[in-house]
Amino acid sequence: MSFKESVIIETLQAVSKEQKREWRGSIVFGGIVAGLCVLMVLSLSLGRYPVSVWEIVRILFSSSPFHATGQYSNAPWVVVETVRIPRILVVTLCGMGLALSGAAMQGVFRNPLVRLEIAGVQAGASFGFLFWKTQGKGWSCE
């Protein structure tokens, strides 16, 4: 085998490994997103007022979701559309924000084990809370 042939073979093998890594990353990301969607639909069915998964799917894929055109006498619609969906979306967005801020801190400090004490976040939050508390505001946010 000549030198050119061995270089070509090595290049093809390297490209193949990179493609496998890209596909693996895409599959993992897709699995995480699919798992998140499944957990969100399942969490819509849990609570004080039980709603079946099929009823949730019917409500989610109705002709006019999020437009308050449902009947307020229809209890499952009210529970899912006006109470549970907003809560789940807010919690999901907050979790994404926390994950993004943690990743940003790890990137800035170039430390995979970065903690809040390193950046002074904990001290700043404590100072803000004590300042707010000593100004006589109590627990009300008026």
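Set side by side, the residues S62, S45 differ, and just one is surrounded by 10 or more Cβ atoms within 10 Å (Cβ to Cβ), modelled with pLDDT under 80 and not β-branched (V, I, T), which is S62. Once region 106-127 is narrowed to residues that are modelled with pLDDT of 80 or more and polar (S, T, N, Q), the residue that is surrounded by the most Cβ atoms within 10 Å (Cβ to Cβ) is Q106.
Reported count of residues in region 83-105, each being within 15 Å of V51 (Cβ to Cβ) and at pLDDT below 85, is 0.
The values are calculated or read from the model by the stated rules, or taken from the named source; none is laboratory data. Since we're looking at a predicted model, the values are computed, not measured. No Cβ is skipped: glycine too gets one built from the backbone with ideal geometry, and neighbour counts run over all protein chains shown.
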